[in-house]
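The values are calculated or read from the model by the stated rules, or taken from the named source; none is laboratory data. Only a predicted model underlies this, so the values are computations on that prediction, with no experimental measurement involved. Here the Cβ positions follow ideal geometry from the backbone for every residue, glycine too, while neighbour counts run over all protein chains shown. Each accessible area value is taken on the protein alone, full model and side chains, heavy atoms only, with ligands, DNA and RNA left out. Shrake-Rupley method; radii C 1.70, N 1.55, O 1.52, S 1.80 Å.
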Amino acid sequence: MSCLLYPQPLAITALGHSGSTDGEISAEVIAFPNLASLQAADEKLVAGKIVRINQPMFRDREGAGYADVVPNRYAAGSVAKEKGAVAALIRSAGTDSHRFPHAGASTREDNPLPAAALSAPDAEQLQRILDRGETLTVALDIKVSEQPGGESYNVIAQMDGRVDAKKVVLIAAHLDSWDLGTGAIDDGAGVAITVAAAQLIGELSQRPKHSVRVVLFANEEQGIWGAKAYAEQHKDELKNHLFASESDFGAGPVWRFDTANEALMNKAMPHLAALNIEKGGEASSAGPDITPLVEAGVPIFQLQQDGTDYFDYHHTADDTLDKIDAEELKQNIAAWAVVVFLAAEDLGSE
Ligand SMILES: [Zn+2]
């Protein structure tokens, strides 16, 4: 009854691998502060309802808040389904206060539950109603489809090294993006940064000793499918991958350089310091598409960007070219050109 007091449309987007509602469904909402509380919930309370998780994401220069909330996106639908719910709604994994829901993948499974992300203002409005102790009913109409047999391709370019072309420094970005925006920051920026850095190295009077390979991965967003295919197809060659790194965090300025390779660190830092980049430590990650290569033992470096604003736009309709600052993009390109050149020139045989 009380739902009639607050009738309003909600800004939502279906998650990747969501199911459809097959027409409009309407059900009472049961709210949880996080995934663990949903997992611990009594099935009797959840069955027949729309599950809702309202966990805000904190803002952080390195995007550290994402790791806390992204499990909600992956698992809310499947956990809710196990407990007999009819749909799942999560607060978007984002740091903005705009009425844009953030898309993103959920876990792929057979007969998935309808699962969607709410914009932050809508998530907060629902919470205000629930905090008054009122019964909340939401109507959903989610229609999704999967294109069977779709094929996409990694795009690979290599500049052969002048001494030993078999040894490669792999730099990467990904070509796909979510449907709502244009993919300018995720990951058009990474494509521009890595391709432009390779082009600068190619304009030098002589090639580095070892090869520079640019890989623009297909289908990162649904689960790094292109990266997994690359690691499988090139597995015999991975021992000759001197380093790998991906640019996949927008176009914010690089502020720290991380690598466990001391020779590369020492050679790069005088140049990077001139670009306002600090010396870091061992790289903890080098981008999602590099994960299969890390598992195969390929060394990495990371040019850590300032991502304070990244999750305001990530996977939303607001991921557009105007969010990219040309000077910051150039600083990224300069940093990548320095590190990739040094990695391919001086360090391959060490
Ligand atoms: Zn990305």
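For the stretch 252-304, give me the residue count where each residue is of a type in the set (Gly, Ala, Ser) and more than 23 Å from the chain's Cα centre (by Cα). Residues flagged as of a type in the set (Gly, Ala, Ser) and more than 23 Å from the chain's Cα centre (by Cα) within the stretch 252-304 amount to 5.
Among the residues of the stretch 78-94, is any in contact (Cβ under 8 Å) with a residue 24 or more places away in the chain, open to solvent by 50 Å² or more (accessible area, probe 1.4 Å) and under 22 Å from the mean Cα position of the chain (by Cα)? No, the stretch 78-94 contains no residue that is in contact (Cβ under 8 Å) with a residue 24 or more places away in the chain, open to solvent by 50 Å² or more (accessible area, probe 1.4 Å) and under 22 Å from the mean Cα position of the chain (by Cα). Looking across the stretch 264-275, not a single residue is in contact (Cβ under 8 Å) with a residue 24 or more places away in the chain and surrounded by fewer than 12 Cβ atoms within 10 Å (Cβ to Cβ). Checking each residue in the stretch 286-308 for being among the small types (Gly, Ala, Ser) and either more than 16 Å from the ligand (Cβ to nearest atom) or open to solvent by 50 Å² or more (accessible area, probe 1.4 Å) (or both) picks out 296, 297. Among the residues of the stretch 7-54, write down those that are of a type in the set (S, T, N, Q) and either surrounded by 12 or more Cβ atoms within 10 Å (Cβ to Cβ) or at pLDDT 95 or above (or both). Passing the criteria: 13, 18, 20, 21, 26, 34, 37, 39, 54. Of the strands (runs of 3 or more DSSP E) lying entirely inside the stretch 154-250, the ones with 2 or more residues being open to solvent by 30 Å² or more (accessible area, probe 1.4 Å) and basic (Lys, Arg) are found at 164-174.
Against the list (1) touching a Gly at 6+ places or on another chain (Cβ under 8 Å); (2) closer than 20 Å to residue 288 by Cβ; (3) open to solvent by 20 Å² or more (accessible area, probe 1.4 Å); (4) not aliphatic (A, V, I, L, M), the condition residue 66 fails is (1). Kindly indicate whether any position in the stretch 166-176 is touching an Asp or Glu at 6+ places or on another chain (Cβ under 6 Å), touching a residue at least 12 places away in the same chain (Cβ under 8 Å) and under 24 Å from residue 12 (Cβ atoms). Taking every residue of the stretch 166-176 in turn, at least one turns out to be touching an Asp or Glu at 6+ places or on another chain (Cβ under 6 Å), touching a residue at least 12 places away in the same chain (Cβ under 8 Å) and under 24 Å from residue 12 (Cβ atoms). Whenever a residue of the stretch 53-77 is without any contact (Cβ under 8 Å) to a residue 12 or more places away in the chain, its partners that are open to solvent by 70 Å² or more (accessible area, probe 1.4 Å), lying with C-beta atoms within less than 8 angstrom and at least six residues away or across chains, give the pairs 64/58.
Residue 4 meets each of the listed conditions (1) modelled with pLDDT under 95; (2) surrounded by 12 or more Cβ atoms within 10 Å (Cβ to Cβ) apart from (2).
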